[in-house]
Amino acid sequence: MAVLVYGLLQYRRQVSIQSWTAAIDSEIADAIVNSGDVARHSKISDATHKSGFRRVFLEKLVSAEKKFSGGAGHVIRSLFEVYGLEKESLCKLKKKRPYMIAGGIQELTAMKVEKALPAISQLLQHESPQVYQEAQYSVVRFEGFDGLTFLNDAQGILSEWQQLRLLNSIPAVPQDADSKIRQWLQSENSSVIIFVLRLIRKYQLLNMYTDVLQLLSHRETEVRNQSVQSLQALENSDTLRHLETSYDLQPEPVRIEIMKAVIKMGDRRAAEFYTEKLLSSASAGVKILAAQGLCDLGMTEQLISMSSQADISAELSSIIKHALQEKI
């Protein structure tokens, strides 16, 4: 009996959700087609007192907002206001369950409820990563670069996905941002440094070159790798020398990254560097990249001559031949 009752309840719930979804989709489509003529419809209004309906309605609105922009996006946000869903989202910020708080932040952010920003900002130090990451994304969506002030004392790890979300939400970097960026590059949180290095690359902040160069001695290998990528992105006439000078001071993963960066630069002055590493490096990975670099500079004849030498090792001969085949 219990199983039958449970099954019946689940069936009714599913039927209700399907019915609500159809009505909500129709309401959103009509509002968009009618160019913003948004008004409460009885079929929708009669169901808004049900918590399940409001949850589905909010999910559909947030999903629709991601798909539309301009006038259509404004219409979707108007529906959010007309049906009084703002209060529902604000109440979620006071819940105890992280997923509910994060959902409320997502809804308020998508619907651009700026008056919720103070309450969302208070959640930047929340113990749940799910919550504080949504709060970080929200303040940056609302405030742009100025919303990154949470980096001053950020303790949690900024995941790869979170960094990409934040980068895509920053429309521009102010001209007077140097002091803030330098402060973040000194952070004890390595993920903050990595994020800022990506920010420097994306916006080509050439005046940060020297600060990035100093990070080649950072304790974290990944920070060094990101620094190499940033130096290549900010390339100037001294970059090749800086990378070559630093090469022998680095662990192998960073040496590999330096080789990749030098190849991207396409600087003909690197020929001697490639040749030296091809002949002397103990790392097969470095040798492969050095041979590739020489090929990219058009030095195939030198490689052919090198591979024909009697005292060349079988490994080096194989690497050179492989590089030449790839070039062809």
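With helices as the sole contributors, the chain gives -21000 deg cm²/dmol at 222 nm; each DSSP H run of n ≥ 4 counts as -39500 (n - 2.57), and the sum is divided by every residue.
The modelled label-to-label distance between Asn236 and Lys50, using points 7 Å beyond Cα along the C-beta direction, is 6.6 nm.
Among 124-134, 240-250, 165-175, sorting by the average number of other beta carbon atoms lying within 10 angstrom of each residue, highest first, gives 124-134, 240-250, 165-175.
In segment 129-287, with Lys and Arg counted as +1 and Asp and Glu as -1 at Cβ, which of these residues, Leu213, Ile258, Gln183, has the Cα nearest the positive end of the dipole, that is, farthest along it? Selected residue: Ile258.
Of the listed pairs Lys264/Lys321; Lys202/Lys321; Lys66/Lys260, which have alpha-carbon separations greater than 28 Å here?
Working: Lys264/Lys321 21 Å; Lys202/Lys321 37 Å; Lys66/Lys260 37 Å.
Check vs 28 Å cut-off fails for Lys202/Lys321; Lys66/Lys260.
In terms of accessible area, using a 1.4 Å probe and ignoring ligands and nucleic acids, Tyr83, Tyr137 rank largest first as Tyr137, Tyr83.
In the context of the full set of protein chains, residues of the chain present 54 Å² of accessible surface per residue (probe radius 1.4 Å, heavy atoms only).
Can you pull a Stokes-Einstein diffusion coefficient for the chain at 37 °C (0.692 mPa s), Rh from Kirkwood over Cα pairs, as a whole number of µm²/s?
Translational diffusion coefficient: 136 µm²/s.
Each label point was placed 7 Å from the Cα along the Cα-to-Cβ direction; for Leu324 and Ser305 their separation is 1.3 nm. Candidates Ile28, Asn236, Leu278 compared by Cα position along the dipole of the chain: farthest toward the positive end lies Ile28, with charges placed on Cβ.
Using a Gaussian network model of the chain in which every pair of alpha carbons under 10 angstrom is joined by a spring, one finds that among Leu206, Leu158, Leu231 the greatest mean-square fluctuation is at Leu206. Against the main long axis of the alpha-carbon atoms of the chain, helix 271-280 sits at an angle near 80°.
Set the Förster radius R0 to 45 Å, insert the Cβ-Cβ distance between Leu206 and Ala22 as r into 1/(1 + (r/R0)^6), and round the FRET efficiency to 0.05.
Values: r = 54 Å, r/R0 = 1.21.
My answer for the efficiency is 0.25.
Please list His322, His74 in order of solvent-accessible area, largest first, computed with a 1.4 Å probe with all protein chains present.
Working: His322 90, His74 110 Å².
Reading off the accessible areas and sorting them downward yields His74, His322.
The values are calculated or read from the model by the stated rules, or taken from the named source; none is laboratory data. Model, not experiment: these values are computed from the prediction. For neighbour counting, all protein chains shown are included, and Cβ atoms are generated from backbone atoms with ideal geometry for every residue, glycine included. To get the accessible areas, we keep the full protein, side chains included, count just its heavy atoms, and leave off ligands, DNA and RNA. Shrake-Rupley method; radii C 1.70, N 1.55, O 1.52, S 1.80 Å.
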